[in-house]
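Here's the structure, in structure tokens; my notes come after.
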Amino acid sequence: MPVYKVIINAKNPNILPDKMQLGLNHLLDNATKFTHQGSVTIGYEQLNNELSFFVKDTGIGISEESQKTLFKNFMQETVGNTRDYDGCGLGLAIVKGTVELLGGKVSVESVKGEGSTFCFTVPL
């Protein structure tokens with residue numbers, strides 16, 4: 001069972017507008033879905049006039065090839081009738097679209113078999 005760590009700024013607990021929370025929820029859902037043991041860590045920090053959020057997991061990771069198309073509609077690393085995980089491949093596309101609507105950027109760093117870190121930064 002994964003260990004969940006949450007980093008929240010107690011001075012500003014309502015820092016997440018609905019659209020940012022939507023993006024963070026999709027990333028957190030994916031992290032918990034693909035992490036069978038280890039941990040999922042979420043957090044944020046303020047950098048100048050931006051908020052930078054991250055979701056880091058020790059899950060199954062994503063191949064370098066799959067990372068190139070990961071944020072497109074209906075894209076998943078494993079396709080076909082033998083997929084091990086539910087989903088239609090829209091969560092990360094929604095994250096990207098939402099973050100870009102807010103004027104931000106989203107990125108991923110991942111190693112297959114070791115885990116992933118998804119980050120998004122939005123202006124304040």
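Please treat every number below as a calculation from the coordinates, not as lab data. This structure is a prediction, so every number in the text was calculated from the model and none was measured. Using ideal geometry, Cβ is built from the backbone for each residue, glycine included, and neighbour counts are taken over all protein chains shown.
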**Report entry** Sequence-distant residues sharing a close amide H with Gly38 (under 5 Å, placed H)
**Finding:** Val3
Query - Per DSSP, loop GluC sites (Glu not before Pro) in region 93-124 with at most 16 further Cβ within 10 Å - result: Glu114
